[in-house]
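See structure below.
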Amino acid sequence: MKLSFSRSSILTALAIAILLAALPSAIARLVRTGDPYLLTQRFFEDMFARLSGVGRLRFILQPVAALLVGTRDGIKDSRGGCPPFLAGLVSHRALRTELIRSAFASVRDLVAIAIILDVISQFLIFQEVHPGAALVLGPLLITVPYSISRALANRIARRRGQQAPVIRPG
């Protein structure tokens, strides 16, 4: 029997394994200190430390990658006659599941990589790992720029498609 694994499934499994490995120490730290870390003052202070630390380049590269993927998907949506992504999620109940599915398929690798990189940077900068923070920050760096760029690219592509063709004198 031959097993085959896609790159996406390997990245997802790796991200999950890393988070699960970090969970016992995070739980022990929570029990010992009573500090949930996530969304506390220390969490936000550490966020600024990450901007200047070892993994700071990812705060540029990951959102840029998400912007590019979102732009590609927004143009695809426009060609397919779909509404802009965010508007479709909010107001087109029939399309909501398909939009979420396509978004997840597009960004799952980026989100897995973002989570893995966040865990690595936490360990390198703070010598400890907060799995909850990785689950918030990693996906946030991807989903926000992706959603906005997908919606805007769709709107821009639609407007360009509705313009009358330019006839050049020949």
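Quick notes on this structure:
- The slack between L39 and A105, meaning 0.36 nm per residue of separation minus the straight C-alpha distance, is 21.0 nm.
- FRET efficiency for the pair R32 and V54, taken as 1/(1 + (r/R0)^6) with r the Cβ-Cβ distance and R0 = 22 Å, rounds to 0.25.
- Cα gyration tensor, region 91-157 - rounded (a/c under 1.5), prolate or oblate: prolate
- Applying a length cut-off of 20 Å (Cα extent along the axis) and a mean Kyte-Doolittle floor of -0.5 to the DSSP H helices of the chain leaves 7-33, 58-79, 93-126, 131-162.
- Most mobile of R159, R50, R108 in a GNM of the chain (Cα contacts under 10 Å): R159
- The Cβ shell under 12 Å around T71 holds other residues with a net charge of +2, Lys and Arg each +1, Asp and Glu each -1.
- The orientation-averaged projection of the convex hull spanning the C-alpha atoms of the chain amounts to 16.2 square nanometres.
- Residue among L89, L135, L68 with the largest mean-square fluctuation in a Gaussian network model of the chain, springs linking Cα atoms under 10 Å: L89
- Spread of Cα-to-Cα distances over 5 Å intervals beginning at zero, given as percent, for region 2-54: 4, 16, 13, 16, 20, 14, 8, 5, 3, 1
- If you run the Gaussian network model on the chain, springs between alpha carbon atoms under 10 Å, then out of T143, T40, T71 the most flexible one is T40.
- With a cut-off of 10 Å between beta carbons, the residues surrounding T12 carry a summed charge of +1, where Lys and Arg count +1 and Asp and Glu -1.
- Take the Cβ atoms of L20 and I156, set R0 to 41 Å, and the FRET efficiency comes out at 0.50.
Where a number appears in this text, it was derived from the coordinates with a stated rule and is not lab data. This one's a predicted model, so the numbers in the text were calculated from it and none came from an experiment. For neighbour counting, all protein chains shown are included, and Cβ atoms are generated from backbone atoms with ideal geometry for every residue, glycine included.
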